[in-house]
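Note sheet for the following structure.
Derivation of every value follows stated rules applied to the coordinates shown; laboratory data play no part. Computed from a predicted structure; not experimentally measured. Positions of Cβ are backbone-derived with ideal geometry, glycine not excepted, and every protein chain shown enters the neighbour counts.
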Amino acid sequence: MSGQVPERSEPGPGAIAPLSGAARDAAEAAAAALAPARSILFVTGAGISADSGLPTYRGVAGLYEREATPDGMAIEEALSGPMMRRRPEIVWRYVGEVVRACRGARPNRAHAVIAELEQSGRRVCVLTQNVDGLHLAAGSRDVIEIHGTVARRRCMDCTHVWPAPGADDGAPSGDDGGAAVPRCPACGGVARPDVVLFGERLPDGALDALDRALRLGFDAVVVVGTSAAFPYVQLPVIEAARAGATTVEINPERTVLSDVVGHHVAAGAAAALHAMGGVLAPSRP
Ligand code: ZN
């Protein structure tokens with residue numbers, strides 16, 4: 001099974017190793033099943049950003065990788081809504097690490113293929129648990145950031161929402177000149193990252209957008225790089241499978257959804273979507 005035919009020489013994906021064996025067969029079968037779909041929901045998690053060099057954060061907000069903080073507190077406590085109100089400098093200290101990691105990250109081939117699919121004329125929606133903003137950076141437009149984004153801040157005291165420094169201009173930054181707690185430019189109140197902290201509800205705007213998208217329905221649902229622990233991640237997949245839609249999971253590991261989906265591609269996100277992209281979103285002449 002050697003003799004891989006090189007694809008058209010395009011500059012982007014040079015570093016991506018081609019799939020082989022069972023993973024390649026599964027990716028080809030999944031791509032063939034997805035090809036006729038006019039509407040596709042992608043559900044993405046930390047695994048898709050791992051190929052951009054981001055650590056696969058643990059936790060409800062997908063925010064932090066360590067079990068405990070150097071302050072001796074559980075991360076669930078340090079990155080919680082109550083802590084944000086009581087001692088915002090603690091939250092900012094750990095969010096700052098995530099922000100710095102995200103700031104240097106660029107979308108990878110997996111993000112790009114999803115954005116290309118949207119440009120191919122299909123209705124493509126992305127439901128992501130990631131807070132890194134990489135789907136938007138890749139050019140996807142219909143993106144539901146169910147856990148928020150570190151690219152945005154909002155005020156705890158008024159309704160002001162604004163881009164985080166460096167989020168749009170790539171400027172290096174010690175946040176706001178190194179202040180322990182950034183302030184609202186409108187009222188001077190305490191600023192917070194626009195992400196879902198432990199113990200907080202999912203944002204109404206994102207839930208409404210998801211509800212609207214699901215009511216329109218999708219021909220296919222593709223889950224990428226998530227262990228799918230949350231019901232709002234599992235349900236769209238389970239319901240799509242039940243309704244007879246095409247369902248695909250891309251994940252090197254097996255998850256609770258692996259036996260539910262029609263196709264499990266046991267590979268990393270960038271390699272799998274690169275292999276599938278040639279079928280799904282061929283470049284136009
Ligand atoms: Zn304010």
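Within region 198-262, the trypsin sites (Lys or Arg not before Pro) that combine a DSSP coil assignment with at most 10 other C-beta atoms in a 10 angstrom radius are Arg201.
What ranking do Thr255, Thr159 get, fewest neighbouring Cβ atoms within 10 angstrom at the top?
Values: Thr255 19, Thr159 9.
So the residues, fewest neighbours to most, are Thr159, Thr255.
Over region 198-284, the Kirkwood radius and the radius of gyration, each from Cα atoms, give a ratio Rg/Rh of 1.00. Highest-first packing order for the peptide set 71-79, 272-280 is 272-280, 71-79, based on the mean count of other beta carbon atoms within 10 Å.
Taking other Cβ within 10 Å of each residue's Cβ, how do Ser140, Ser227 sort, fewest first? Before the final figure, lay out each step's value.
Details: Ser140 23, Ser227 18.
Arranged by neighbour count, lowest to highest, Ser140, Ser227 become Ser227, Ser140.
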